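Reading through the structure tokens given below for one structure.
The values are calculated or read from the model by the stated rules, or taken from the named source; none is laboratory data. Because the structure is predicted, anything quoted here is derived from the model rather than measured. Heads up, the Cβs are rebuilt from the backbone with ideal geometry, glycines too, and the neighbour counts pull from every protein chain shown. Surface areas here come from the heavy atoms of the whole protein model, side chains and all, with no ligands, DNA or RNA. Shrake-Rupley method; radii C 1.70, N 1.55, O 1.52, S 1.80 Å.
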Amino acid sequence: MKILVINAGSSSLKYQLIDMDNESVMAKGLCERIGIDGHLKHTPLVGGKPVYDENLSLPTHSEAISAVIDKLTSAEYGVVSSMQDIDAVGHRVVHGGEKFASSVVITDEVMDAIRECIPFAPLHNPANITGIEACRKVMGDVPMVAVFDTAFHQSMPGKAFMYAVPYEYYKNDGIRRYGFHGTSHRYVSSRAAEILGRPIEELKLISCHMGNGSSICAIENGKSVDTSMGFTPLVGLPMGTRCGDLDAGVIQFIMNKYHISIDEMLNILNKKSGVLGVSGVSSDFRDLEKAAEEGNERCRLALDMFYYWVAKVVGSYAAAMNGTDAIIFTAGIGENSSSTRSAIASYFGYLGVRIDEEANKKRGEDMVISTPDSKVTVLVIPTNEELVIARDTKKLVG
Ligand code: ADP
């Protein structure tokens, strides 16, 4: 069974074609600048075919999907002989609200329900919907599945997902914490159980997804019981450019003092804050680490804030679950930055964590970085959201 995995953004579209017989990626690629001019980079990974990397006209997502299908099936760059060889499509959808606690086969009713979630994710859901509609237009009756970033966190209990604001806002408007990165937290937690050789139903895990956006998830018996992002992905840890937790009074103060609108304010909090805002240098941890080593104090501070926040949230989840069996690091920073992992783990002495600094030097592969006598196992697990989407799609349509 061959499954096309699609992650559609407002002007981009990422894809992978996965052969589910052996879960291998046959081709992957990225359409960019959709609606502006257009660029496609298509990388075949089987059959020794060359990479396609060219500008081409992509006025809408439909042309982007058509271009992807064209490349996937072409004699020169293709990995399958025709569109009929693609058995199903799995779509990443950011927000499923309280309607979706798991992945679903896409029907007209499901499309309506995803549209109803647009107010919760006004930038992301419309782009995801456009991607699905374009695929339906180009690929016709091929079965399609939606996999939601929020779904995994629907198992959170009320005490964890509620905000302490008047209850009517929850009841009437759905104001609550939803959490994001659910597909990633689900993947790494189940992989951790495999590596530990124990059933996930008896484990207490803490997963730290640390990339441009970062979130932490407490996972008990395979279910998310708390997570650091909220109604939107703005909160929790300080991130590349997002502020993380912030007193709402600060927003009022800055808006009043500098006469800026709520839209401008949110743009600052989403795009100009986080480690970029504090350091004034970069949102990228590689730049921050280099500058901090060279003596830049604000870069040092931004990194220290990040480590401190991760440690603080992990500690609160260890308390919430009355202990933890394993702590997992994943995503761009978690998979690659050994100094970040080491600095964060230095807070975990009280948990009995001991890091094997030699093992921690490696990057980008599944590995245990704690010593055999560490009371809590610390793992690095490269995330694979596309594989989760493909597996869910196979399960639902297969
Ligand atoms: P996204 O949230 O966009 O999917 P990623 O998970 O790919 O992001 O993470 C991207 C971030 O990972 C980069 O901005 C950078 O901060 C960090 N990163 C990637 N490689 C390294 C590295 N070798 N050392 C430190 N940080 C890294």
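Tell me the carbon and sulfur percent of the accessible area for the chain, rounded to whole percent, probe radius 1.4 Å. Don't skip to the answer; put the middle values down first.
Details: 9060 of 17990 Å².
Within the chain, the accessible surface is 50 percent carbon and sulfur.
With a cut-off of at most 15 other beta carbons within 10 Å, and DSSP calling the residue loop, which GluC sites (Glu not before Pro) in the stretch 246-331 qualify? Please list them. Don't skip to the end; give the middle numbers.
Values: sites: Glu264, Glu289, Glu293, Glu294, Glu297; in loops: Glu294.
Listed in order of number, the matching sites are Glu294.
Once you've got the GNM for the chain with C-alpha springs shorter than 10 Å, pick whichever of Gly47, Gly249, Gly222 has the biggest mean-square fluctuation.
Fluctuation is largest for Gly249.
R0 = 25 Å: FRET efficiency of Asn322 with Asp247, Cβ-based, nearest 0.05? Write down the numbers at each step before the final one.
Numbers: r = 29 Å, r/R0 = 1.18.
With a Förster radius of 25 Å, E is 0.25.
Whole-Hz Karplus ³J(HN,Hα) for the stretch 75-86, in order, using 6.51 cos²θ - 1.76 cosθ + 1.60 and θ = phi - 60°, x for Gly and Pro?
Couplings: 5, 7, 10, x, 10, 9, 8, 8, 4, 5, 6, 8 Hz.
Between the stretch 237-271 and the stretch 325-365, how many Å separate their Cα centres?
The stretch 237-271 and the stretch 325-365 have Cα centres spaced 31 Å from each other.
Once whole DSSP H runs in the chain are found, which of them have Cα atoms spread over 24 Å or more along the helix axis and a mean Kyte-Doolittle score of at least 1.6?
On the way: long enough: 297-320 (34 Å, 0.44).
Helices meeting the span and hydropathy rule in the chain: none at all.
Amide H neighbours of Val104 under 5 Å, counting only residues 5+ apart in sequence or on other chains, H built in-plane at 1.01 Å?
Ala146
Which listed residue (Ala193, Val145, Asn125) has the Cα farthest towards the positive end of the charge dipole for the stretch 95-197, taking +1 on Lys and Arg C-beta and -1 on Asp and Glu C-beta about the Cα centre?
Sorting the options by dipole projection puts first Ala193.
How large is ³J(HN,Hα), in whole Hz, for each residue of the stretch 230-239 in order, when computed from phi with the Karplus curve 6.51 cos²θ - 1.76 cosθ + 1.60 and θ = phi - 60°, using x for Gly and Pro?
For the stretch 230-239, the Karplus-derived couplings read x, 4, 10, x, 6, 9, x, 6, x, 10 Hz, x marking Gly and Pro.
Val51 to Ile260: FRET efficiency via 1/(1 + (r/R0)^6), r the Cβ-Cβ distance, R0 35 Å, to the nearest 0.05?
Values: r = 44 Å, r/R0 = 1.27.
Given R0 = 35 Å and the Cβ-Cβ separation, E is 0.20.
Just the number please: accessible area per residue for the stretch 45-196, 1.4 Å probe, all protein chains included, in Å². If you can, show how the numbers build up before the last one.
Working: 6820 Å² over 152 residues.
Roughly 45 Å² per residue, with all protein chains present.
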